[in-house]
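Here the structure comes first, spelled out in structure tokens, and everything after it is commentary.
All of the numbers you see were taken from the coordinates with simple rules; none came from a lab. What you are looking at is a predicted structure, and each value in this text was computed from that prediction instead of being measured. Cβ: placed from backbone, ideal geometry, glycine included. Neighbour counts: every protein chain shown.
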Amino acid sequence: MAHTAKQKDYFPYLLLVPATLVMLAIVAYPLFETFRLSFTNTSMSPKFEYVGLENYEKIMSRQFPQVIARTFYWMSLSVGLKMLIGTLGAVLLNAMVPGRALFRVLVMPPWVIPIAIGVFIWGWMYNGQFGMISGVAQRIGILSGPFEFLAYKNSAFMATIVTDVWIGVPMVTLYLLASMQSISRDLYEAAWVDGASRFYRFRRITLPLIVPSIATMALLSAIATFNSFDIIWILTEGGPRGATTTMIIDTYKTAISRFKYGEGAARTVMIVLFLGSFTFVYFILLSRLARRSPNNAA
Amino acid sequence: MLHKYRWYEYVLIYFGLAVFLTFVLAPFVEAFVVSLRPLSSLFSIPYRFITDEMTFDAYFTMWENVPLLWMYMFNSFFIASVVTVLGLMCIIPAAYAFARFQFPARNSLLGVFIAVNMFSGAVLIIPLFKLMQQYGLLNTYFAMIAPGTAFVIPTGIWLLRSYLVRIPKELEEAAWVDGAGRIYTLWRVIIPVALPGIVVVTITAFITAYAQQFIYALTFNSVNELNPLPVGLFQFFGRQTVVWNELMAASLVGILPVLFVYVFLQRYIVAGLTAGAVKE
């Protein structure tokens, strides 16, 4: 606005005050506190001492590197599956068949309900004696007897991933579907006139045009998966024998269950470093996409 | 025709859709069937999807065995609503500032807000816990509302900013010429015009606040009367002998109202998702 640019104007800053205050109190200050705590041996008692890098040395010498590796493994499998299933789902929902409006609504529930409620249901489904998955697998002969999915290391690991994928897929699907629908019909019609087959049109028109959306979603999904807490905590609490302990779960156990705030804070600092690098990549991606199409940054 | 499929393509598409939707919906169907089965037939081998003597008993007995169910549902709804309202009070002015005004460091400031999206409550749980403890805020609604609010703001700002940018500046200039103050202009001119965008932001914020209350309530609250639905039911989940049929019945009844509402708001939900994919 012409009249606002002339003199020094405090109005925009005024508008930012509420949001900034909340961010300072709930995000910035706690973040600073975490950093400070990570150099202390803070525990339940109000007394604490600065211990330098001791917490970091401690976590590096123990099984923490393994926890980091597991977190990334868990995350990559989960995000990979979400992208794969989500893309397939979007392609199917994009097909011009009767009933598609209904199918699109039916995809939403896992995403909009409280995460924990969805996980309760999966907790029952993984039940070895009476649950659906074990039951059906025995019926069709994949399993010869009851199998308690959450009691063994590998199956518990996979079970938490499947549940995470189930919760994440609707959002990926609907996002990619919207992205497919924003592709101009003219492109398809031109290709059709030229005699391009349906598969060819998908590979040469749809896929290249939704790759930016897939990349955006994959990155956002990676951040969300890295932060994932509810699913693992409810299903396994990080067990059996640590098989599903990701960085977030490990931090929570250390700090909240065992009251070792200092050691927990050091773990959090590591998490923040990883998340920071993801976000850095995300911003690069966003600015690249913004340069390509100025009207639609994300 | 472009969208004419051959018969085998129809078969393929519907088959694919059936598999896909089975994955998405099977847990809900299973939860519903479980809620209809008496415990005795629930714990029977071999597994049967449908059993004899299906009954709605669990839907009546659960109110006795989960006496605070109403309370949990109310708390969930209440916490998510307050988070949404507080969030909007921060989001609307901030988004307006980013959309309309030139000021130094505007883009980097917006970047900082967006970057907050990389955190979840889980990352900041330790200092937040200590802070709440220090100020005696544990076991209050506030402890569950405040962190939730912070994490709906970044996405909200991003979404609403992109909506506000598209509103013609002439509107404000006309109001200015008529002698309207700037706060008045925001309140009486911009907000009414931006209402569709605000609706999208509201719904997006509510979904986030409603779906992600678990960790705050689990960590910051130990008063059962204040628990939202997920943590309220989690206590029953954690028990040695889980009364599965009642747990499933309570879960379904708990999520039904929002699920019902979401079906009608579907269009806005997808709009919010696609306009502002800054957070899952």
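On a full-extension model of 0.36 nm per residue, what is the gain between residue B:105 and residue B:85, subtracting their alpha-carbon distance, rounded to one decimal in nm? Can you show the working numbers first?
Numbers: separation 20, 0.36 × 20 = 7.20 nm, distance 2.78 nm.
Length gained, residue B:105 through residue B:85: 4.4 nm.
If each Cα of the protein assembly as shown is one equal point scatterer, what is log10 of I(q)/I(0) from the Debye formula at q = 0.11, 0.12 Å⁻¹?
At q = 0.11, 0.12 Å⁻¹ the computed log10 ratios are -1.11, -1.30.
Step through the table entries A:82/B:130; A:253/B:130; A:47/A:253; A:82/A:153, compare each Cα-Cα distance with 26 Å, and write down the pairs that go over it.
Correct reply: A:82/B:130.
Taking Cα atoms of the stretch B:140-188, Rg/Rh with Kirkwood Rh, to two decimals?
We get a ratio of 1.21 for the stretch B:140-188.
Hey, what do the phi angles of the stretch A:132-137 turn into as Karplus ³J(HN,Hα) couplings, whole Hz, using 6.51/-1.76/1.60 and θ = phi - 60°, x for Gly and Pro?
5, 5, 4, x, 5, 4
Please compute P(r) over all alpha-carbon pairs of the stretch A:162-204, binned at 10 Å starting from zero, and give each bin as a whole-number percent.
25, 35, 25, 14, 2
For the stretch A:202-298, what is one quarter of the convex hull surface built on the Cα atoms, given in nm²?
8.5 nm²
Expressed as cubic angstrom per residue, what is the convex hull volume of the alpha carbon set of the stretch B:68-275?
Hull volume over Cα atoms, normalised by residue count, gives 147 Å³.
If you plug each phi of the stretch B:95-112 into the Karplus form 6.51 cos²θ - 1.76 cosθ + 1.60 with θ = phi - 60°, what whole-Hz ³J(HN,Hα) values come out, in order, with x for Gly and Pro?
Listing the rounded values in order: 4, 5, 4, 5, 7, 10, 10, 9, 8, x, 6, 4, 5, 5, 5, 4, x, 5 Hz.
Starting from a Cα-only point model with no solvent, please compute log10 I(q)/I(0) by Debye for the stretch B:81-185 at q = 0.19 1/Å.
Per q value, in the given order, log10 I(q)/I(0) is -1.00.
Within 10 Å of each residue's Cβ, count the other Cβ atoms and sort A:106, A:176, A:187 from fewest upward. Each step should come with its number before you reach the end.
Working: A:106 18, A:176 26, A:187 14.
Taking fewest neighbouring Cβ atoms as first place, the list is A:187, A:106, A:176.
Residues of A:121-127, mean number of Cβ from any other protein chain within 10 Å of their own Cβ, rounded to a whole number?
That works out to 6 on average.
Based solely on its DSSP helices, what 222 nm [θ] is calculated for chain B when runs of n ≥ 4 H residues each add -39,500 (n - 2.57) and the sum is averaged over all residues, nearest 500 deg cm²/dmol?
Taken over chain B, the calculation gives -23000 deg cm²/dmol.
Quick one: Cα convex hull volume of the stretch A:42-116, Å³ per residue? All intermediate terms of the calculation are to be shown ahead of the outcome.
On the way: hull volume 11.0 nm³, N = 75.
In the stretch A:42-116, the Cα convex hull volume per residue is 147 Å³.
What is the Rg over Rh value, at two decimals, for chain A, using alpha-carbon atoms and the Kirkwood definition of Rh?
1.05
Which length gain, in nm to one decimal place, applies between residue B:19 and residue B:195 when the Cα-Cα distance is subtracted from 0.36 nm times their residue separation?
59.5 nm
Given H placed on each backbone N at 1.01 Å, which residues far from residue A:40 in sequence or on other chains put an amide H within less than 5 Å of it?
Those qualifying (amide H under 5 Å, at least 5 residues apart or on another chain) are A:51.
For the stretch A:72-161, what Kirkwood radius comes out of the mean inverse Cα-Cα distance, in Å? Could you put the intermediate results ahead of the total?
Numbers: mean 1/r = 0.0649 Å⁻¹.
For the stretch A:72-161, the Kirkwood estimate is 15.4 Å.
Taking 2.2 N^0.38 Å as the expected size of a compact globular protein, what ratio does the Cα radius of gyration of the stretch A:124-211 give against it, to two decimals?
1.74
Okay, helix-only estimate at 222 nm for chain A: each DSSP H run of n ≥ 4 adds -39500 (n - 2.57), divide by all residues, round to 500 deg cm²/dmol; what do you get?
Details: 16 runs with 201 residues, N = 298.
The helix-only estimate for chain A comes to -21000 deg cm²/dmol at 222 nm.
Reported to two decimal places, what Rg/Rh ratio describes the stretch B:120-233 when computed on Cα atoms with Rh from the Kirkwood expression?
Across the stretch B:120-233, the Cα-based Rg/Rh ratio is 1.15.
Taking amide H positions as placed 1.01 Å from N in the peptide plane, with prolines and chain starts having none, which residues 5 or more places from residue A:244, or on another chain, fall under 5 Å of its amide H?
When sequence neighbours closer than 5 places are left aside, the close amide H contacts are A:239.
Compute the label zone of residue A:63 within the stretch A:131-166: residues whose backbone N is under 19 Å from the point 7 Å along Cα-to-Cβ.
A:150-161
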